[in-house]
Amino acid sequence: MSDVMGAGQRPDCVLINNVAQCFPSTEYLASVLSRAIDLVEDDGRVILGDLRHLGLCDEYLDWLVLDEELGSGRFRNEEELFVDPRLIAYFAEIADREVKVSVRAKCMSGDNEITRYRYDMVLYVDAKNEKLTTREMRWEDLSGDRLAALSLLAKVGPVVVTEIPNALLDSRPDSVTANALSAVLEGTGLVVAMSHETPTRLEVRPAGGDIPKTRSMPPRDEPLKRFAARRLPELLRGHLAETFPGARLPEIIVEP
């Protein structure tokens, strides 16, 4: 990097876009993220794009396969990494630098796998932005045309709105899409976030993120174990078939 940027220079941003799902394990993700946080300059950012949400994996698999019986076992064949945003927040919290995190919903138009089940995370490392005084309210506290009410609130000053049902994942009458929220927030310094605790809910928050406060290690996904559980029996049966031609092969099960 010194050959490109010059000795002692640091990047202001590290982008890990649409690749984390190919990481073999949570441990590998933690290592990459730790190095990225250490690498960026003060007030720099680490962006993880197109993450697959672990908390929505069941909904995702049901969406892929409407047959409930077939879909229930499909996760065993998934070889890509699903990530709980609280896990990224946990890694940010234990980093050697101060890191604020922002869990961003995908705000493109359309109803597809990306807008439903993926998200971005922006990590602000040793950020210089001042702490904002915000008002906080729930979506149900807004009356009448909630999008119009949100637009007015956003123009007055920083605001946090929680408990917003995501229309792509929640059919209740007051639900709304991230795309519709984004349209009324343009130019306000507010972004459409995803709830840490309830992934079917959206939030409106200032763009600069928040200091993470995780209580314990969040759920983790280990796709390498699923890969081994699926591939090892295939390899073993192939080896046995070559070694003992014509023999009846045993059933081989590898517990993930």
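Here are the numbers for this structure:
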read-out	value
Flag for L152 being surrounded by fewer than 14 Cβ atoms within 10 Å (Cβ to Cβ) and of a type in the set (A, V, I, L, M, F, W, C)	yes
Of all residues in region 169-198 being within 24 Å of I88 (Cα to Cα) and of a type in the set (A, V, I, L, M), the one that is surrounded by the most Cβ atoms within 10 Å (Cβ to Cβ)	A193
Unique match (being within 21 Å of L51 (Cα to Cα) and either of a type in the set (V, I, T) or free of Cβ contacts under 8 Å to residues at least 40 places away in the same chain (or both)) among T188, T177	T177
Subset of region 208-223 (residues that are in contact with a Phe, Trp or Tyr (Cβ under 9 Å, 6 or more places away or on another chain) and either under 19 Å from I47 (Cα atoms) or outside any loop (DSSP other than H, G, I, E, B) (or both))	G208, G209, P212, P223
Single residue of region 12-56 satisfying the filter (small (G, A, S) and more than 21 Å from M217 (Cβ to Cβ)) that is surrounded by the most Cβ atoms within 10 Å (Cβ to Cβ)	G44
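Read-outs: derived from the displayed coordinates by stated rules, not from any lab. The shown structure was predicted, so the numbers you read here are calculated from the model rather than taken from an experiment. All Cβ positions, glycine included, derive from the backbone under ideal geometry; neighbour counts span all protein chains shown.
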